[in-house]
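These notes concern the structure reproduced below.
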Ligand code: BGC
């Protein structure tokens, strides 16, 4: 399958400083400082692919890692750096955050290199919707991740005779069996972004794509306050009963490790989790299983890591363009995403080098797009702006930790979204 995505719909929108087309980089401008949150084992391996690629092109890498899955801490550090007048060259960023920085006029204009390399033709519109602002390219998309995945320990599934669940009831039955056998059924890290990642999938499974869109994209009060939303919170409470006692504050990659080590049955997480399994030497379909969150088959909630380029003055621009150009190269998109767990951000990259989960991810993304069932992830900043996202996080986490019952959570959700707009 050579072309796995085509003609995604979407549209969008400012910028500053023009950068010249990719060209030779002189010693004076041959370094980039990159702020990112790729600090887990799998993420670091993927990041190395980028560092090495760039260094082989004569550009030195100044690393600015800010630990914290989902990138909240990284965004706080970024704000402080920009406020101090010391923006990094490039920043890993998600969805609406890119648009917010562009609207502030902080981002560079990549149109020259984008035109030279034909990005318009190969980057799906769903990603251009975030990578362009007022017709100008402002970031280079590295990948497409999706958030509605389950990562399961195959040995535990085999031992207990569990087939991959395809509905909520089957999921609950599977989790009961795993718990009954003495394992932790659900490996989870109690951090707001992780709770929200599960909520993405649960809302999709309760109400389907239209309901998901009404609630998280349109921010429709009726959908947010509906019985279906209450059902979603009820399901979150059910899932809460399958996590272990030490879940609070646990990093997502440590939750992945519980599945990898055979201590837990499943983790509900985006496909960056696959990077951890691979890093541990595990193989899909032999050691671990990847399947869609039961009840969301056919739909995909996506996020895309992009490197937004800050206006850094002339001296940084050539290296910045080189970085953008390296990221967009088809060979890089394949090599990086094979390791990261994500899939390419271009439509013209072969799936040949990808493992079974990667091939499945590419195929399902293309199919979801073709059938209008591809939606931005709320939890990962691709459905609504950060203020709304953070408002939803607060409610979901308070409910998950037992501070609200489901009925109260629904009321709180409606008012949190209203206040955030
Ligand atoms: C990013 C991934 C990252 C994950 C955990 C997500 O928001 O898109 O690239 O691996 O957070 O840190």
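Tabulated values for the structure
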item	result
Antiparallel bridges, percent of DSSP beta bridges restricted to the chain (to nearest 5)	55
Extension reserve of the residue 352-residue 44 stretch, reckoned as 0.36 nm per residue once the Cα distance is removed	108.6 nm
Whether region 192-316 is rounded, prolate or oblate, judged on the alpha carbon gyration tensor where a/c under 1.5 counts as rounded	oblate
For peptides 103-110, 238-245, sequence by mean Cβ density within 10 Å, most packed first	103-110, 238-245
Estimated 222 nm signal from helices in the chain, with DSSP H stretches of n ≥ 4 weighted -39500 (n - 2.57), rounded to 500	-14500 deg cm²/dmol
Global geometry of region 276-421, whether rounded, prolate or oblate, following the gyration tensor of its Cα atoms and the 1.5 cut on a/c	oblate
Protection proxy ranking, peptides 336-349, 182-195, average beta carbon neighbours within 10 Å, highest first	336-349, 182-195
Cα pair distances of region 103-206 binned at 10 Å [whole percent]	11, 29, 21, 17, 15, 6
Cα gyration tensor of the chain - equivalent ellipsoid semi-axes, whole Å, descending	35, 24, 19
In Å, descending, principal axis extents of the Cα set of region 34-165	56, 33, 32
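Coordinate-derived values only; no laboratory data. What you see is a predicted model, and the numbers here were worked out from it, not measured in a lab. Glycine gets a Cβ as well: all are built from the backbone with ideal geometry, and neighbour counts include every protein chain shown.
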